[in-house]
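Taking it in order: structure first as structure tokens, then the write-up.
The values are calculated or read from the model by the stated rules, or taken from the named source; none is laboratory data. Not measured: the values here are computed from a predicted model. Backbone-built Cβ (ideal geometry, glycine too); neighbour counts: all protein chains shown. Surface accessibility is based on the protein's heavy atoms, side chains included, excluding ligands, DNA and RNA. Shrake-Rupley method; radii C 1.70, N 1.55, O 1.52, S 1.80 Å.
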Amino acid sequence: MSGEDGELARNLGFTEAMTMGGGTMIGAGIFILPGIAAEGAGPASSLSFAIAGIVALLAAISLSELATGMPIAGGSYHYVNRALGSFFGSIVGWGMWTGLMFASAFYMIGFGQYLVEPVPFLDGRGFVVLLGLLGLAFLVGVNYYGTEESSAFQNIMIGSETAVILVFLAIGIFYVDTTNLEPFAPTGPSGIIATTGLVFVTFLGFEIIATVAEEVKNPGRNIPLTMILSVVSVTLLYVVVMIVSTGVVPYADLGDSLVPVSDVAVVTMGTAGVVAIVAAAVIAAISSSNSSILAAARVVFAMGRDNLMNDWLNATHSRFRTPHRAVMATGAITAMLIAAGLQVEEIIALLAEVASFSFLISYALVHVSIVVIRRANPDAYEPDFEIPSLLYPWVPIAGVILSLGIITQMDPVVIAIGCGVVALGVAWYIGYVRHRDVDESLMGEAIVGEPASTGEPSEGYTVVVPVANPETQRDLLRLAAVNAHTHAGEAEPEIVAINVIQVPSQTSLEQNVQFEEERIEAQRQLLENAREAAVDLNVNLRTRAIVGRDIGRTILSVVEEEAADHVLLGWRGKRRKRDFVFGSTIDPVLKRAPCEVSIVDLEKDLIGSSVALAGPGPHAPFAARRAAEFAKLSDSKPTLLNAQQPSDDPDIDPAELGEQMIDDVAAEAGLEAGSYESEVIVVDEVQSAIVDHVETYDTVCAGVSEKSDFSKILYGSIAENVQQQAGGNVVMVRGPYKTNRSVREALVERLAD
């Protein structure tokens, strides 16, 4: 997606990215691979995992720079295609797609093995394959129809299986018999390296972080931190798992087992432990396979975006807005790989190794790509994270050497199949891609070494204005403009108009852009109208078109990215759901935005005369300031209104008390004497009197109430009655403050992603 088309919302924080990367790697492989690895290298299989982790770490370091410098959906495929051209892009694209399908088949056969093995009346490869196919059918259905709860369910599954694994290790370490660890490396160095190629399939999860790089908050910090931390932590976890497994059960026995971790649990945790391990293994297989199917669909989409894939396969479902054809194609081929398990005795190891082969080739080309991109130094490449100078170019060089070195030690059958996948990519390029209009590579620029240009962000007063309704956007921009002009200083103030298109969580954000052509065009027109209005208003305006999964949180992320001083939102004055005060879009902004927030309900065509409620609340001065700004539109003075009840004490003059409160509010708002009108009303029924009195004004500004329960922020307050009963424009205002999430809010927010 080009910069003109829009951008993706940065809604994924550290926890979400870490779950995607590390959580996916702590998947089915940890339950299936120990037996195969022990057979290949004995107790030294722990070193195989360590070496695989080092290779993955090198790839993660290179990908971290590329992902922060070119945050586009597609991950490794995109970087290779951009740097080395569509020939290598075709190879990596097909390699990643097929690799993910092989990995998914590997996970689902493991799923069948862990279900069949503990049940006496289920036996034989046929049952394993059948269960694997049923599990795959379920996942294909989930990805075809799409579910809003899928990401939350994924997080719960990952958390559950991780907890079981940690308990397994905490108990198992006390059952390790060091005599079982001898001989440590029965197959020698060649066996260790060959096993490394087999187990590398489990380190594919960190690639997902690069794939969703454009959706990660604070990418310069969170992308490299989560990618590197996830690889390191998972590597250590797998090393300990292998030491415990081969220390408890002799490696020869472990190698003969289809459910190795379950066999270890029999010794260390008894029947209850076996049940927990089986449940965790089933969950892990579903979680890992689901992640692979999701990632595969994104690879297909990225290839379609670059004209390397036919639009038929890249289409999105008209109702569910999911990449249904890519999902079905991925599911069909994966099903054939699972069904092959009926004929091929060593199918599970073969699937794992072919998947590893594909990604080792991809990562070797990624390392080459970072060298090319650094040499070319394109204008758009400004990574927030760079490989430290002491490690460059040694990281990409070591990554290429180790990746290719591991491939050379793989089984000849695996190498043959892997080369067949590469040949498929080459054939696809020759037969389809080279006749298409595709982007050129950066190879030429890398040879020449073009310099990059940089730009400096504005440091002036910034107002963020979300626009969605063509009928009210001009008035909102007028209000923002007068607010911005009030704060004109050395740096020119700026308005940032944004529009957010909401998409389902199941669908890739960028993929939805292609599907929502009508909404995208409406978004373009809306923002173009905003730019035209800005010319008439004599204000510096910048527009941002964003695609996000949650409109409120997306607006909040923009406010934080822009370091906004004020966010001004339009409001229809109605609540759709009982759980919201202003609505699901505005509530998160009101609760979390660190800057001033104004919520505007426009009922009249003009702002006209303005009045502010100058009460005792902490946000009253901000309401007074807003009323003064808006009054400039009609070249008038704002009125600061205060209501007092009569007093039985003859020494207290309610009118004088009200005047003093108005003066205090005005002083705190920065309003000079004479720049506003004061009005105090003394009545028994304060709320009803205020509501009746503000009817004589076109626009009323009020500070939001300060109550501990946000869901009751308006209820029972004067502001609520004004908003509900006043016939004119109503502006609810709050000042800047720092907020902290409660534990409950944080849990709800995490599970909602």
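Numerical summary
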{"item": "Interchain or long-range residues, amide H under 5 Å from G205's placed H", "result": "M25"}
{"item": "Karplus 3J(HN,Hα) series, Hz, for the stretch 679-685 with 6.51 cos²θ - 1.76 cosθ + 1.60 (x for Gly, Pro)", "result": "8, 10, 10, 10, 9, 6, 9"}
{"item": "Contact order normalised by residue count of the stretch 345-417, Cα under 8 Å, 6+ apart, percent", "result": "54 percent"}
{"item": "Inter-label distance for E182 and E677, nm, one decimal - labels placed 7 Å from Cα along Cα-to-Cβ", "result": "9.8 nm"}
{"item": "Fully extended contour minus Cα-Cα distance, from R319 to Y145, at 0.36 nm per residue", "result": "61.8 nm"}
{"item": "Relative contact order computed over the stretch 178-262 (Cα-Cα under 8 Å; 6+ residues apart), in percent", "result": "43 percent"}
{"item": "FRET E, pair N310, A689, Förster distance 56 Å, beta-carbon r, rounded to 0.05", "result": "0.20"}
{"item": "Accessible solvent surface per residue of the stretch 552-693, calculated while the other protein chains remain in place, 1.4 angstrom probe, Å²", "result": "48 Å²"}
{"item": "Amide H contacts of E494 (H built 1.01 Å from N, under 5 Å, at least 5 apart or other chain)", "result": "Y461, T462, V463"}
{"item": "Entries of K591/K637; K604/K637; K604/K632 with Cα pairs more than 28 Å apart", "result": "K591/K637"}
{"item": "Pairwise label distance in nanometres, H435 with H487, each label 7 Å out on the Cα-Cβ vector", "result": "5.7 nm"}
{"item": "Residue-by-residue Karplus 3J(HN,Hα) for the stretch 324-330, coefficients 6.51, -1.76, 1.60, Hz, glycine and proline x", "result": "5, 6, 5, 5, 5, 5, 4"}
